[in-house]
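What follows is one structure encoded as structure tokens, with my remarks underneath.
The values are calculated or read from the model by the stated rules, or taken from the named source; none is laboratory data. Here the structure is a predicted model, which means the values were calculated and not measured. Please note: Cβ atoms are built from the backbone with ideal geometry, for glycine as well, and neighbour counts cover all protein chains shown.
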Amino acid sequence: MKFSVLAGFLEKIESATKRSEMVRVLSEIFREAEAEEIDKYVYFCQGALGPPFKRTVIGLGEKMIIQSISRATGLTVQDVTKQYIKLGDLGLVAEENMGEGKEDADFLYVYGALQSIAEISGKGSVEGKINSLTKLMEKTKPKGAKYIVRFVEGKLRLGAGEATIIEALTVSVKRGRELKNTLERAFNICSDLGLVAKKLFLEGVKGVKEIKVKPGNPIRPALAERLTSPREIIDKIGRCAVESKYDGFRCQVHKKELEVKIFSRRLEEITDALPEIVKGTKKQIKAEEAIFEGEALAFNEETGEFYPFQVTIQRKRKYGVKEMAEEFPLKLFCFDLLYLEGTSYLDKPYIERTKTLMEIIKPGETLKIAERMITENPEELEKYFEDRVEKGLEGIIAKRIDAPYQAGSRNFNWIKLKRSYRGKLTDTIDIVVVGYFKGRGKRVKLGIGAILGAVYDEEKDLFRTVAKVGSGLSEENWMKLKGVLDKEATPNKPARVDSLIEPDVWVKPVYVLTVKADEITRSPNHTCGMKNSEPGYALRFPRLIGWIRGDKGPEDVNTVKEIIEMYKMQ
Ligand code: ATP
């Protein structure tokens, strides 16, 4: 496919006002793509050059891109910058100023060239990258240059999530629900949509079913439902294992001989930030190959207590790793085993997985087994819960003893009970920003008065509004937030947003914020949980806490289903 043809499709996706339109155009791209190369089309549409857990860094900063545009268009750097300020999008600057040109490179040529740019390193790499990008832009039509620029800036943002792409793949081979489930299952164990697509296109459904758990490919995590009392938990799943709920961050550790890789809850590789867990795994795991999960927590050797979450979370950063590891060493509380010596453990029952987990971990400093008890007695569960809370833990997670590990799924195999569920709604809610309102009164000068927040409807793969939030930030931070949101502003409602409220500025669903609210109420204005004649659900007195969450993507916010459950729990 010519890159300019792909660019034409991308324009259609961008202007789509409905999710179904988006799915249709994506499926056309996949249908027209060369089957052997379908993986590359999938990655490109995800804004990457490979599966997200292997994210390749292209390494072209804004200034470098401006240089390339200047060289490719003949404009001065100052002129490019001026137009950028006016248009707010370097892609558009490139499109409007590039000559038609004779060449019209293939998508595969462009993809390969982007990979080469990413690989340029060492001395002279800045000039090398700028030069290669200039040449690449000259090999496409202006429309193509627009998307190349947005891609290297990391701003392709078509708004197609993983579920949207899976559906488009299903549509592209004209198959229904059953295929969709098969693709989802395969994706859940390899986290690589390109691979799933390639298997489908080259080997059919049989090929997709052959995708297996493999160290190095993260498995999408199983997630917990919530209930509010020990009685409900026992009524729901009977005799169960009750584990301590540690308040740190989740790690999925992959060991293959001497190599260790660690993935976060969002399946980003965080190995380099966690040297002591790598070391601990090499030392304490009695297996050549294993995949297991645990919660990492910073431990204060002096007091023998855990540091609060805010301290632990700092360990997820890239710089000053050595010093941080010395000052705030982590312990990993291991709670599940997903793979061992060539065999997937996903379908084995919880009790067997954890028994083997205990057998392969040698006693040591870093890896510990998550504490637990097994009970069918609500009073006993309550006592254990109280005891955990007293020890400063977040609560408990009850686990069904005979349940498999259901990758990528949230269900009652795991049930969380947190201290914050007691009483009124004190649990926080994660929302994705889909728009904002210009300020009134005192806020006029800030240009932003409130944001429109949405939660995720997993079934329909849409974002539905749940709150207008206008408090919780300092004036300075409101302005900073506006700056960030303006970069994702879009003239029309994004295709996957469902809203009755029209904000002053629509924003692509990219940024996640955490809010606290007093309660959840029914509301005719918000689309979260809205059904034909029934009103939706809204947050009452919501306020922002903290700043944009880098560790969550739009599909990781709370779901419509969870909001309805929280409403019922009040
Ligand atoms: P979720 O992960 O369910 O989407 P969340 O990010 O808000 O929601 P929590 O509500 O804290 O997370 O609950 C689940 C998380 O608890 C897990 O993802 C894991 O990181 C953590 N956790 C702590 N202890 C355990 C344990 N013993 N078993 C499983 N998970 C645990």
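Do you know which of the residues in segment 253-266 that are within 14 Å of Phe53 (Cβ to Cβ) and more than 16 Å from the ligand (Cβ to nearest atom) is surrounded by the most Cβ atoms within 10 Å (Cβ to Cβ)?
Looking at residues that are within 14 Å of Phe53 (Cβ to Cβ) and more than 16 Å from the ligand (Cβ to nearest atom), I get His254.
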Does Asp402 satisfy being among the acidic types (Asp, Glu) and at positive phi? no
Per the list (1) assigned to a helix (DSSP H, G or I); (2) under 15 Å from Thr366 (Cα atoms); (3) under 26 Å from the mean Cα position of the chain (by Cα), residue check on Ala298 breaks on (1)
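Looking only at segment 232-247, which residues are in a strand (DSSP E or B), near the ligand (Cβ under 10 Å from one of its atoms) and either not assigned by TED's automatic domain parsing to the domain that holds Lys279 or not hydroxyl-bearing (Ser, Thr, Tyr) (or both)? Outline the logic, then answer.
Of segment 232-247, the ones in a strand (DSSP E or B) are 240-245.
Still in the running and near the ligand (Cβ under 10 Å from one of its atoms): 241-245.
Matches in segment 232-247: Ala241, Val242, Glu243, Lys245.
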If you take the residues in segment 509-551 that are among the hydroxyl-bearing types (Ser, Thr, Tyr) and free of Cβ contacts under 8 Å to residues at least 60 places away in the same chain, which one is farthest from Lys318 (Cα to Cα)? Ser533
Within segment 14-30, the residues that are of a type outside the set (S, T, N, Q) and either exposed (fewer than 14 other Cβ atoms within 10 Å of the Cβ) or not in a helix (DSSP H, G or I) (or both) are Ala16, Lys18
By residue number, the members of segment 172-204 that are among the aliphatic types (A, V, I, L, M), at pLDDT below 95 and in a helix (DSSP H, G or I) are Leu179
Could you tell me how many of the residues in segment 526-556 are in contact with a strand residue (DSSP E or B) (Cβ under 7 Å, 6 or more places away or on another chain) and either more than 13 Å from the ligand (Cβ to nearest atom) or closer than 25 Å to Glu475 by Cα (or both)? 20
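Considering only segment 62-107, give the helices (runs of 4 or more DSSP H) lying wholly within it that have at least 1 residues that are acidic (Asp, Glu) and farther than 19 Å from Gly47 by Cβ. Walk me through how you get there before you give the answer.
Working: elements: 62-73, 77-87, 90-97.
Counting at least 1 such residues, we get 77-87, 90-97.
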Exclusive hit being assigned by TED's automatic domain parsing to the domain that holds Gly294, without any contact (Cβ under 8 Å) to a residue 40 or more places away in the chain and under 30 Å from Glu301 (Cβ atoms), set Glu371, Glu386: Glu386
Considering segment 6-40 alone, what residues qualify as being among the aromatic types (Phe, Trp, Tyr) and under 16 Å from Val110 (Cβ atoms)? Phe9
Considering only segment 15-60, how many residues are free of Cβ contacts under 8 Å to residues at least 24 places away in the same chain and not hydrophobic (A, V, I, L, M, F, W, C)? 1
Where Leu500 falls short, out of the listed (1) aliphatic (A, V, I, L, M); (2) outside any strand (DSSP E or B); (3) in contact (Cβ under 8 Å) with a residue 60 or more places away in the chain: (3)
All positions within segment 268-288 that are free of Cβ contacts under 8 Å to residues at least 12 places away in the same chain and over 23 Å from the mean Cα position of the chain (by Cα): none
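Take Arg250 and tell me if it is touching a residue at least 60 places away in the same chain (Cβ under 8 Å), surrounded by fewer than 21 Cβ atoms within 10 Å (Cβ to Cβ) and either under 18 Å from the mean Cα position of the chain (by Cα) or within 10 Å of the ligand (Cβ to nearest atom) (or both). Even if it seems obvious, please write down each step before you answer.
Working: touching a residue at least 60 places away in the same chain (Cβ under 8 Å): no; surrounded by fewer than 21 Cβ atoms within 10 Å (Cβ to Cβ): yes; either under 18 Å from the mean Cα position of the chain (by Cα) or within 10 Å of the ligand (Cβ to nearest atom) (or both): yes.
Spelling it out, it is not the case that Arg250 is touching a residue at least 60 places away in the same chain (Cβ under 8 Å), surrounded by fewer than 21 Cβ atoms within 10 Å (Cβ to Cβ) and either under 18 Å from the mean Cα position of the chain (by Cα) or within 10 Å of the ligand (Cβ to nearest atom) (or both).
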Provide a single number: the residues in segment 190-204 that are among the basic types (Lys, Arg) and buried (at least 22 other Cβ atoms within 10 Å of the Cβ). 1
Yes or no: Ile291 in a helix (DSSP H, G or I), within 23 Å of the chain's Cα centre (by Cα) and touching a residue at least 60 places away in the same chain (Cβ under 8 Å)? no
Could you look through segment 358-384, keep only residues that are within 15 Å of the ligand (Cβ to nearest atom) and in a loop (DSSP other than H, G, I, E, B), and pick out the one that is farthest from the chain's Cα centre (by Cα)? Glu371
With the condition kept exactly as written, say whether any residue in segment 316-336 is at pLDDT 95 or above, part of a loop (DSSP other than H, G, I, E, B) and of a type in the set (Ser, Thr, Tyr). no
Yes or no: Ala403 more than 30 Å from Gly546 (Cα to Cα), within 13 Å of the ligand (Cβ to nearest atom), at pLDDT 95 or above and not in a helix (DSSP H, G or I)? yes
